[in-house]
Amino acid sequence: MKAEYINPFLESAKIVIEQVIQIRPSTGQLGLKDIKFVENYIWIQIGLNGQMNGDIVFGLSEEVALKMVSAMMGGFVISEIDEIGRSAISELGNMISGNASTMLFNQGVRVDITPPKVIHSANAAGFAATQALTVPLIMDGIGVLDIQVLVAS
């Protein structure tokens with residue numbers, strides 16, 4: 001797995017989060033870790049097809065998701081992840097991945113992305129626990145968004 005695969009997603013996430021949430025995230029430590037699906041956590045899964053095949057998964061606690069959705073809604077406090085909240089989180093993943101796929105294309109890597117799939121339950125994840133290249137984005141006052149890249153080739 002190549003570390004440079006995560007960089008476009010990391011850069012894109014920083015740009016998109018700064019635009020829609022008005023916070024410039026800082027980058028945590030890049031690492032390789034086991035993916036463990038736990039409850040009270042939300043994942044946005046986006047498939048990658050083309051010169052890179054696999055999944056990119058954005059993971060965040062429900063608490064962080066609520067704060068992010070509230071910020072996306074102009075500060076209107078959201079107290080539960082309902083259909084609108086899932087849609088907002090899904091769109092955030094779509095914006096980040098769309099920008100990252102453009103960055104990859106500009107680097108000569110052709111990749112198509114699938115529509116985001118919001119996973120709100122460990123049982124609904126649909127793929128076995130595995131290892132992923134991961135980097136946390138730390139957002140002051142909000143929490144951490146984990147970017148996890150599972151690339152087959």
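The values are calculated or read from the model by the stated rules, or taken from the named source; none is laboratory data. Treat the numbers as computed from the prediction; the structure is a model and nothing was measured. No Cβ is skipped: glycine too gets one built from the backbone with ideal geometry, and neighbour counts run over all protein chains shown. SASA here: full protein model, heavy atoms, side chains in, ligands and nucleic acids out. Shrake-Rupley method; radii C 1.70, N 1.55, O 1.52, S 1.80 Å.
Please verify whether segment 77-84 includes one or more residues that are part of a strand (DSSP E or B) and in contact with an Asp or Glu (Cβ under 8 Å, 6 or more places away or on another chain).
No, every residue in segment 77-84 fails to be part of a strand (DSSP E or B) and in contact with an Asp or Glu (Cβ under 8 Å, 6 or more places away or on another chain).
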Does ALA71 fit the bill of being modelled with pLDDT of 90 or more and open to solvent by less than 60 Å² (accessible area, probe 1.4 Å)? yes
The conditions are (1) in contact (Cβ under 8 Å) with a residue 24 or more places away in the chain; (2) open to solvent by less than 70 Å² (accessible area, probe 1.4 Å); (3) of a type outside the set (Asp, Glu), and GLN22 fails exactly one of them. Which is it? (2)
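Quick check on segment 35-51. Is at least one of its residues part of a helix (DSSP H, G or I) and either closer than 17 Å to ASP146 by Cα or not polar (S, T, N, Q) (or both)?
Initial filter on segment 35-51 (part of a helix (DSSP H, G or I)): none.
No: segment 35-51 contains no residue that is part of a helix (DSSP H, G or I) and either closer than 17 Å to ASP146 by Cα or not polar (S, T, N, Q) (or both).
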Test for ASP82: is it open to solvent by 20 Å² or more (accessible area, probe 1.4 Å), free of Cβ contacts under 8 Å to residues at least 40 places away in the same chain and under 21 Å from LYS117 (Cα atoms): yes
Reported set for segment 94-113 where residues are open to solvent by 60 Å² or more (accessible area, probe 1.4 Å), free of Cβ contacts under 8 Å to residues at least 60 places away in the same chain and not aromatic (Phe, Trp, Tyr) is THR102, ASN106
Answer residue from segment 52-68, given it is assigned to a helix (DSSP H, G or I) and touching a strand residue (DSSP E or B) at 6+ places or on another chain (Cβ under 8 Å) and is surrounded by the fewest Cβ atoms within 10 Å (Cβ to Cβ) among those: GLU63
